[in-house]
Amino acid sequence: MDFELMLKVYPFFLEAAWITIVLSVLTAILGLICGTLGAFARLSRFAVLRFLGAAYVSVFRGTPALIQLFILYFGGPQIGIQLDAFEAGVIGLGINAGAYMTETIRGAVISIDKGQREAARTLGLSQWQAMYKVILPQAARLMVRPLGVNLNMLIKATALVAAISVVELTYTAQRYIGSTYKPFEMFLLAGILYMIIIYVTGRGVAWLDRKVQIT
Amino acid sequence: MGLDFTVIPKYFDIILLGCAYTIGITVAAAILSFFGGIVFAVIALYAPWIIRQPFRMVAWMFMGTPLLLQLFLIYFGLVQVGIDLPAVVAGIIGLGLHFAVYNSELIQTAILSVDKGQMEAARTLGLSRSEALRKVVIPQAVRAVIPPISNNMIALLKDSALVSVIGVSELTLSAQRAIGATYRPFEFYLLAAAFYYVINLGMEWVQRRIERRISISR
């Protein structure tokens with residue numbers, strides 16, 4: 001175990017970890033937006049929207065995220081979409097995460113008792129009002145924990161952008177494994193940083209989950 | 001540069017070969033992850049403390065880090081200790097171990113949820129502890145976790161794309177080869193995605209059939 005080497009390179013890993021964090025945050029935001037839109041589409045009254053929502057989930061969950069990234073980043077220019085690697089990473093991973101979040105959000109919404117909506121409608125609330133004022137606030141509480149699982153997966157999925165040369169944690173580890181031939185040490189450095197990020201996020205989600213519960 | 005799908009037929013057999021590799025790797029890694037998961041679960045639950053605790057630490061580490069990073073560790077790490085495995089073997093081991101850890105978590109919960117009376121009855125009938133585990137407890141536990149494990153296997157198919165990064169010529173890398181020759185990334189990655197999607201649908205179909213069979217036999 002070469003601790004001296006680890007001490008020498010860890011500042012570069014810290015920098016890379018910051019990129020991973022920024023990437024995760026932006027991806028999570030985009031994922032939530034896509035997931036919300038997707039869930040609304042899947043729950044819509046209109047068959048066309050329902051179909052589009054279902055197709056979105058099925059296609060993006062049914063193919064590797066890596067391929068989706070490659071289509072966007074390498075294939076994008078052919079259809080006039082020119083993105084740098086970081087942008088492609090955020091957009092590609094965000095749309096992918098959105099497909100998983102669609103199902104999480106939809107699951108929480110449909111698990112709210114039907115009577116709630118019926119009662120709200122009976123009291124004179126419109127379709128939208130019933131959704132916003134009665135159903136969503138209840139569903140939001142149920143979403144926190146499963147969205148936390150989505151977030152955990154998303155953070156680990158950010159490693160994929162190493163394949164399109166975004167200099168984040170995995171790419172940095174890969175580069176130093178190549179130049180130092182010390183795979184175990186580099187894995188340990190990157191691994192510890194990933195686990196710190198995931199642990200802190202997990203605690204944050206648990207805190208939020210306790211905060212929103214009514215007991 | 002627009003799209004031109006007429007370049008596909010010429011490279012179709014390369015892509016099909018890649019497909020065969022992807023299926024082969026997925027099946028091999030799935031089998032490894034299934035039996036590995038059982039072994040890991042038994043170690044995590046029943047091994048002496050001195051083995052159990054470090055083992056759990058390593059398992060925890062594998063769940064908290066990206067698969068891609070683990071593939072680099074296994075591929076380059078094995079070379080460093082003098083074991084020069086072909087990339088495809090390293091890829092199968094990496095995928096198999098990664099998912100074995102996830103399967104092990106499921107199997108542990110299932111083993112603990114098998115009624116205690118089962119173990120006690122088996123012990124009363126004269127089976128040793130390990131026999132009781134192997135012949136009575138684990139078969140029941142494994143049956144209960146087949147649906148969530150099959151979800152993991154579908155995730156494994158998609159994650160098998162990652163082994164292209166360490167140079168295994170499966171579907172993704174075959175598409176990359178075709179792209180290297182034609183410079184048509186959009187067309188070939190889309191084709192690869194379509195193939196993954198079809199294999200994925202096939203696996204979901206098998207999953208539904210297995211689940212139906214299990215629910216009948218219970």
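For this structure, a couple of remarks:
- Over all other residues within a Cβ to Cβ distance under 13 Å of A:N152, the charged ones net out to +3, with Lys and Arg as +1 and Asp and Glu as -1.
- Residues of type lysines that B:K116 reaches as a straight line, Cα spacing below 26 Å, ignoring anything fewer than 8 places off in the same chain: B:K135
- For B:71-81, mean number of other protein chain Cβ atoms within 10 Å: 5
- Partner lysines for B:K158 [C-alpha distance under 23 Å; skip if fewer than 8 residues away on the same chain]: A:K156
- Modelled label reach - A:D84, point 7 Å along Cα→Cβ, region A:10-31 residues with backbone N closer than 17 Å: A:16, A:18-24, A:26-27
- Using the Cβ of A:Q127 as centre and a radius below 15 Å, the other residues enclosed give a net charge of +4, where K and R count +1 and D and E count -1.
- Estimated inter-spin distance, B:R123 and B:L85, nm [label 7 Å along Cα→Cβ]: 3.7
- Chain B against chain A buries an accessible area of about 3200 Å², both chains summed, 1.4 Å probe radius.
- Radius of gyration and maximum dimension Dmax of region A:3-212, Cα, Å: 20.3, 71
- With a cut-off of 13 Å between beta carbons, the residues surrounding B:G2 carry a summed charge of -1, where Lys and Arg count +1 and Asp and Glu -1.
- Among the residues of A:52-59, the average count of other protein chain beta-carbon atoms within 10 Å of the residue beta-carbon is 1.
- Full extension of the segment from B:V206 to B:T182, taken as 0.36 nm per residue of separation minus the current Cα-Cα distance, would add 5.0 nm.
- Farthest towards the positive end of the charge dipole of region A:3-212, among the residues A:A55, A:L14, A:L136, is the Cα of A:L136, using unit charges on the Cβ of Lys, Arg, Asp and Glu.
- Ignoring aspartates and glutamates fewer than eight residues from A:K182 along the same chain, the ones with Cα atoms less than 15 angstrom from its Cα are A:D2, A:E4.
- Three-way shape label, region B:6-217, alpha-carbon gyration tensor, a/c 1.5: oblate
- Span-like helix ranges in chain B, DSSP H, alpha carbon extent 15 angstrom or more, Kyte mean at least 0.5: B:8-46, B:49-64, B:67-80, B:87-113, B:138-159, B:171-182
- Between A:T180 and B:F35, the FRET efficiency from the beta-carbon distance, with R0 = 30 Å, is close to 0.30.
- Rounded to the nearest 20 debye, the dipole size of region A:109-215 about its Cα centre is 280 debye, using +1 on the Cβ of Lys and Arg and -1 on the Cβ of Asp and Glu.
- Chymotrypsin sites (Phe, Trp or Tyr not before Pro) restricted to region B:52-102 and DSSP loop, no more than 11 other C-beta within 10 Å: none
- Rounded if a/c under 1.5, otherwise prolate or oblate - the protein assembly as shown, Cα gyration tensor axes: rounded
- Rel. contact order, % - alpha carbon contacts under 8 angstrom, at least six apart, region B:93-218: 23
- Point-charge dipole on Cβ atoms (K/R +1, D/E -1) for chain A, about Cα centre, debye to 20: 1040
- Of the chymotrypsin sites (Phe, Trp or Tyr not before Pro) in region A:6-99, those whose Cβ has at most 13 other Cβ within 10 Å and which sit in DSSP loop: A:F46
- Cα-centre dipole for region B:6-217 with unit charges at Cβ (Lys and Arg positive, Asp and Glu negative), debye to 20: 460
- For chain A, calculated [θ]222 nm from helices alone, where every DSSP H run of n ≥ 4 adds -39500 (n - 2.57): -26000 deg cm²/dmol
The values are calculated or read from the model by the stated rules, or taken from the named source; none is laboratory data. Remember, it's a predicted structure, so these values are computed and weren't measured experimentally. Glycine gets a Cβ as well: all are built from the backbone with ideal geometry, and neighbour counts include every protein chain shown. Heads up: the accessible areas ignore ligands, DNA and RNA and are worked out on the full protein's heavy atoms, side chains in. Shrake-Rupley method; radii C 1.70, N 1.55, O 1.52, S 1.80 Å.
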